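K.L.:
Sharing a structure, written as structure tokens. Questions coming.
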Amino acid sequence: MTGERWCVVHLGPVRVAVATNHDRLLHYLRDFYPLDAWHPERDGAVAWTIEARLAAPEPAMARTPWRVGYRADRDTRRAKICSTDARNLAITVRKAIREVLLDYCEAHRYTMLHASAVADDDRVVIVVGDKGSGKTTLALGAALTGGYQYLSNDHLILYRNPNGLVVTSLPTPIPVKIGTYFDYADRLGQPWENEDVNLDEFRLMPPRQRYGHDRRLLYTYRSLGQANPLHTQLDDRQVVVVLARYAPDGQPVTAPVPVDNPAAALWPHVRFDWVFDAVLNTHHLPRTERDRDTYARDAVERLAELSATSLVVQWRHHGELGPLLNVLAHRPGGQR
């Protein structure tokens, strides 16, 4: 591939080499992954090598619904992706790289939760909840104003390595609803993509009225100044799992209440939707995955392990994690 640009994508425990004839692809990938220049003759091994070409797909290639061509060889761990559309090429390469991370997590029998997570040097806070429970708002605020690392937005991956439980996240865009955007507009900067939101229209609205709209702006972890994906070991930190809901208007923030059966309370938030949706969980690279029953059994084990080493609480909030963190800071003996 003479004349190609090479880079290596860092996914924590695994790396992916990418070669391309399209410079703008590398700028796109930097919004999602840390990249370095890579020299195959001198640098170490990678999990996969992906050749990404801005060119017409080859006749024998499989095609995505967006007419991107791809083929991959499990034995050589090499893949080729081609498209004449630069955006579709970039999206497909980003998702193929993500598959390498998922393949690593699958080998460690991961579970995915509807959860955000933030961390500092001593503590990991995992916020679990349904859509509209404030996961993004709480995590974003802690990252932007509290100095926390933003580990996950809504696709928290939990797996086990020889040292215990680890959390990481699926590298995806972060949707920030318009009400939350204006809460932190001075810190957020320009969105990665605004989905045609007219900010001036919402700027004229009373603040409370903005929260009733589902319009959103998209950010990436890296556009927020956050490294991602991070693989964070849990066993040497204080771990708090929060089953979060908004407190009704006019009612105060509640004190956190310990959950009697944490594993059962967390079970409804295990993500089967993304894991087993062939549209969302794309398959450009050959990889082996568990069936639904096996995934469910492993999820039970991961939740039991998480519950045994964490403080799991219910908490009603007004969009800021600070009141909960203040309570935890004054708990005798830390938390467990």
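The values are calculated or read from the model by the stated rules, or taken from the named source; none is laboratory data. What you see is a predicted model, and the numbers here were worked out from it, not measured in a lab. Glycine also receives a Cβ, built like all others from the backbone with ideal geometry; neighbour counts cover every protein chain displayed.
K.L.:
I need a count of the residues in the stretch 124-149 that are farther than 21 Å from Leu306 by Cα, among the charged types (D, E, K, R) and in contact (Cβ under 8 Å) with a residue 40 or more places away in the chain.
P.N.:
0
K.L.:
Now, a different point. Among the listed residues Leu280, Leu285, identify the single one that is surrounded by fewer than 15 Cβ atoms within 10 Å (Cβ to Cβ) and part of a loop (DSSP other than H, G, I, E, B).
P.N.:
Working: Leu285 fails: surrounded by fewer than 15 Cβ atoms within 10 Å (Cβ to Cβ).
Being surrounded by fewer than 15 Cβ atoms within 10 Å (Cβ to Cβ) and part of a loop (DSSP other than H, G, I, E, B) holds for just one of Leu280, Leu285, which is Leu280.
K.L.:
Just the residues that are in a loop (DSSP other than H, G, I, E, B), charged (D, E, K, R) and touching a residue at least 24 places away in the same chain (Cβ under 8 Å), please, taken from the stretch 150-208.
P.N.:
Once the filter is applied, which keeps residues that are in a loop (DSSP other than H, G, I, E, B), charged (D, E, K, R) and touching a residue at least 24 places away in the same chain (Cβ under 8 Å), the stretch 150-208 yields only Asp154.
K.L.:
Looking only at the stretch 214-223, which residues are at pLDDT 90 or above and in contact with a Lys or Arg (Cβ under 9 Å, 6 or more places away or on another chain)?
P.N.:
Arg215, Arg216, Leu217, Arg222
K.L.:
Is it fair to say Ser169 is buried (at least 18 other Cβ atoms within 10 Å of the Cβ) and either farther than 30 Å from Ala278 by Cα or out of contact with any Lys or Arg (no Cβ under 9 Å at 6 or more places or on another chain) (or both)?
P.N.:
Values: buried (at least 18 other Cβ atoms within 10 Å of the Cβ): yes; either farther than 30 Å from Ala278 by Cα or out of contact with any Lys or Arg (no Cβ under 9 Å at 6 or more places or on another chain) (or both): yes.
Spelling it out, Ser169 is indeed buried (at least 18 other Cβ atoms within 10 Å of the Cβ) and either farther than 30 Å from Ala278 by Cα or out of contact with any Lys or Arg (no Cβ under 9 Å at 6 or more places or on another chain) (or both).
K.L.:
Take the conditions crowded, with 22+ Cβ neighbours inside 10 Å, outside any loop (DSSP other than H, G, I, E, B) and not assigned by TED's automatic domain parsing to the domain that holds Ala244 and apply them to Ala117. Does it pass?
P.N.:
So Ala117 fails the test.
K.L.:
Which residues, taken from the stretch 225-238, are out of contact with any Leu (no Cβ under 7 Å at 6 or more places or on another chain) and within 18 Å of Gly146 (Cβ to Cβ)?
P.N.:
Scanning the stretch 225-238 gives Gly225, Gln226, Ala227, Asn228, Arg237, Gln238.
K.L.:
When the stretch 301-335 is examined, which residues are found to be assigned to a helix (DSSP H, G or I), in contact with a Phe, Trp or Tyr (Cβ under 8 Å, 6 or more places away or on another chain) and at pLDDT below 95?
P.N.:
We begin by selecting, within the stretch 301-335, every residue assigned to a helix (DSSP H, G or I); these are 301-308, 322-329.
If we keep only those that are in contact with a Phe, Trp or Tyr (Cβ under 8 Å, 6 or more places away or on another chain) too, we end up with 302-303, 324.
Passing the criteria: only Leu324.
K.L.:
Also, I was wondering about something else. Taking strands (runs of 3 or more DSSP E) that do not extend beyond the stretch 29-107, which have at least 1 residues that are assigned by TED's automatic domain parsing to the domain that holds Ala19 and modelled with pLDDT under 95? Full working, then the answer.
P.N.:
On the way: elements: 35-37, 48-54, 69-73, 78-83.
So the answer is 35-37.
K.L.:
If you don't mind, another one. Test Val127 against the criterion of being in contact with a Phe, Trp or Tyr (Cβ under 6 Å, 6 or more places away or on another chain), surrounded by 21 or more Cβ atoms within 10 Å (Cβ to Cβ) and not assigned by TED's automatic domain parsing to the domain that holds Val93, and give yes or no.
P.N.:
Taking the combined requirement at face value, the residue does not satisfy it.
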